[in-house]
Amino acid sequence: MALKFQFFPERPNVTSALAIEKINIFKSIINNTSTQFFYTFNRQELEVTSKNVYQKFKNRKVFVHIGIGGSSLGPEMMVNALQKNDTRFIFINNIDPEEIYSQMESLANVELKDCLFYFVSKSGGTAETLAALAIITQLFEARGVRPSEYKDFFVFATDPVKSELLTLSKEWDITTLEVPSDVGGRFTALTPVGFLPALFAGMDLDAYLKGAKDLQADLLSEDGKKNELVAAAEFLYNLKQSKQISQTVFMPYSSKLRAFSFWFTQLWAESLGKKKNKKGEVVNVGFTPIVGYGATDQHSQVQLFMEGPNDKAFIIIEVENFAKDFSLRSVLSSNNLQKLSTFNLSQLMKAEMEGTIKALRENGRHLIHLKIAKNDEYHLGQMILFFESLTALMGDYLMIDPFDQPGVEAGKIYAFEFLNQL
Ligand code: PA5
């Protein structure tokens, strides 16, 4: 496996018997016909259709991605991590009128023929995404574009069986990609939801998928010494049970992977934070994710992480080789500058990360140190599948269903009640 793990203070003892037991459980989760996140990206037609849509619209310079939650966080994470070209991305992922005003304003001098609007909604009925659709159709109206012409500017991604977007796509002949019915929104980064923005960002989709595919066998390994999926799940679950540690700080030492922390946050929180277990008993469980990134957070949250309550586990991600680097040589004579002058910027980053890990350990903190050789498509594909798998397996440890989100329904119903009273 290209993901290298170290656990502090120590890796849990995963015997072969334990590995086999947990992998059998994991297999039953991923083989369930309604939770296919582990295998969906093996469906080649999803890749091929995304590439065909890219070919059709590839001259577009502005890619406007409209979606929320799992329909946006994956694409944002991928584009932020690995964009290789100068396609302009606009993510409409909220209903803040001031922000959307600025986003629409930023299109004022852009010709619509240079833009592609990618509407992503698995259900096709999400209020925030439909609100953005309404606003964008007003923009088109103002520019004299009729609904019959939307097909030249819009692409939809939605459930292929039942969705309002699907109905609209048929009515207006809009190119539509599949969000597989058997994959939940927050598990869709390895589907057309992520594929199309990745292609517009100039990413190597084949390498991204190869990374994920190459990891599948490792995640299913029955060798307890090698199976890092079971080791990580055991590590975090044991901390929760024995030390009441139920907060997870996710901290890549990389600005480009900062959006990965936000993607992980949704995956971890929405999947594992549950009131009832599978037997229907009230348990109110979950792990609270905390977004961090190094080295910047060393001047922000790290004071708390070191000396505040010892109620957090840390997942620290190291990029071993940065694609770019700088010498810190300087002609100026300040003492502190001269101390740095024989090093490179990446060495300073590494030193700060190692220093923080050592200090966290000395303070009795618990952490997983995950190293990737490079921030590239191959490793990104592996990390996505690893954390999706960890989330799914952790759901079994907590005895809850990680694939639903009943807790957000009441708020939606009350919002519409409120709206109707206005
Ligand atoms: O993970 C999930 O299921 C959610 O966060 C959804 O992605 C989010 O609610 C958006 O749903 P939809 O894609 O149906 O618009």
Exercise for the section: Using the charge dipole of region 211-289 (Lys, Arg: +1 at Cβ; Asp, Glu: -1 at Cβ; taken about the Cα centre), state which of GLY280, GLN266, LEU219 has its Cα farthest towards the positive end. Expected result: GLY280
Exercise for the section: Would you kindly compute the Cα radius of gyration of region 40-203 and its largest Cα-Cα separation (Dmax), both in Å? Expected result: 14.5, 43
Exercise for the section: Find how much the distance from ASN31 to GLN347 grows on full extension, using 0.36 nm per residue of separation minus their present alpha carbon separation; answer in nm with one decimal. Expected result: 109.4 nm
Handout entry: In region 315-345, chymotrypsin sites (Phe, Trp or Tyr not before Pro) in a DSSP loop with at most 11 other beta-carbon atoms within 10 Å
Key = PHE326
Fill in the blank from the handout: Per residue, the convex hull enclosing the Cα atoms of region 230-331 spans a volume in Å³ of 138 Å³
Handout entry: DSSP-assigned coil residues among trypsin sites (Lys or Arg not before Pro) in region 1-58, each with at most 16 further Cβ atoms within 10 Å
Key = ARG43, LYS58
Practice task
Answer with one residue from GLY194, GLN138, PHE117: the one whose Cα lies farthest towards the positive end of the charge dipole of region 40-203, charges on Cβ with Lys, Arg +1 and Asp, Glu -1.
Solution key: GLY194
Exercise for the section: For LYS279, list the aspartates and glutamates whose Cα falls under 17 Å from its own Cα; do not include residues on the same chain fewer than 8 positions away. Expected result: ASP396, ASP401, ASP404
Handout entry: region 166-290: proportion of alpha-carbon pairs further apart than 25 angstrom, %
Key = 44 percent
Exercise for the section: Give me the angle, in degrees from 0 to 90, between the Cα long axis of helix 73-82 and the longest principal axis of the Cα atoms of the chain, rounded to the nearest 10. Expected result: 70 degrees
Handout entry: Solvent exposure of the chain as accessible area per residue, Å², 1.4 Å probe
Key = 46 Å²
Exercise for the section: Pop out the carbon and sulfur fraction of the accessible area of the chain as a percent, whole number, probe 1.4 Å. Expected result: 52 percent
Problem - Neighbour count of at most 10 Cβ within 10 Å plus DSSP loop: longest GluC sites (Glu not before Pro)-free window in the chain - result: 112-280
Practice task
For region 40-203, please report how many Lys pairs fall under 23 Å Cα to Cα, leaving out neighbours fewer than 8 apart on the same chain.
Solution key: 27
Practice task
Would you mind working out the magnitude of the charge dipole of region 40-203 relative to its Cα centre, with +1 at each Lys and Arg C-beta and -1 at each Asp and Glu C-beta, to the nearest 20 Debye?
Solution key: 500 debye
Handout entry: Check: the chain dipole with +1 on Lys, Arg Cβ and -1 on Asp, Glu Cβ, in debye
Key = 740 debye
Problem - Largest-first ordering by accessible area, 1.4 Å probe, given options MET399, MET1, MET394 - result: MET399, MET1, MET394
Practice task
Using the Karplus curve 6.51 cos²θ - 1.76 cosθ + 1.60 with θ = phi - 60°, work out ³J(HN,Hα) for each residue of region 298-312 in order, rounded to whole Hz, and write x for Gly and Pro.
Solution key: 5, 10, 8, 7, 5, 4, 5, 4, 6, 10, x, x, 7, 10, 10
Exercise for the section: Let me know the charge dipole size of region 112-231 about its Cα centre in debye, to the nearest 20, where only the beta-carbon of Lys, Arg (+1) and Asp, Glu (-1) is charged. Expected result: 180 debye
Handout entry: Cα-only Debye scattering, the chain: base-10 log of I(q)/I(0) at q = 0.07, 0.12 Å⁻¹
Key = -0.37, -1.05
Exercise for the section: Please sort by residue number the trypsin sites (Lys or Arg not before Pro) in region 309-400 whose DSSP state is loop and whose Cβ has at most 12 other Cβ atoms within 10 Å. Expected result: LYS324, ARG329
Completion exercise
Relative to the compact-globule estimate 2.2 N^0.38 Å (N residues), the Cα gyration radius of region 356-402 stands at a ratio of 1.53
Handout entry: Positive-end residue, the chain charge dipole about Cα centroid, Cβ charges, pick of PHE7, ALA295, PRO160
Key = PHE7
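The values are calculated or read from the model by the stated rules, or taken from the named source; none is laboratory data. Quantities reported herein were computed from a predicted structural model and do not represent experimental measurements. Ideal geometry is used to build each Cβ from the backbone, glycine not excepted, and the neighbour counts take in all protein chains shown. To get the accessible areas, we keep the full protein, side chains included, count just its heavy atoms, and leave off ligands, DNA and RNA. Shrake-Rupley method; radii C 1.70, N 1.55, O 1.52, S 1.80 Å.
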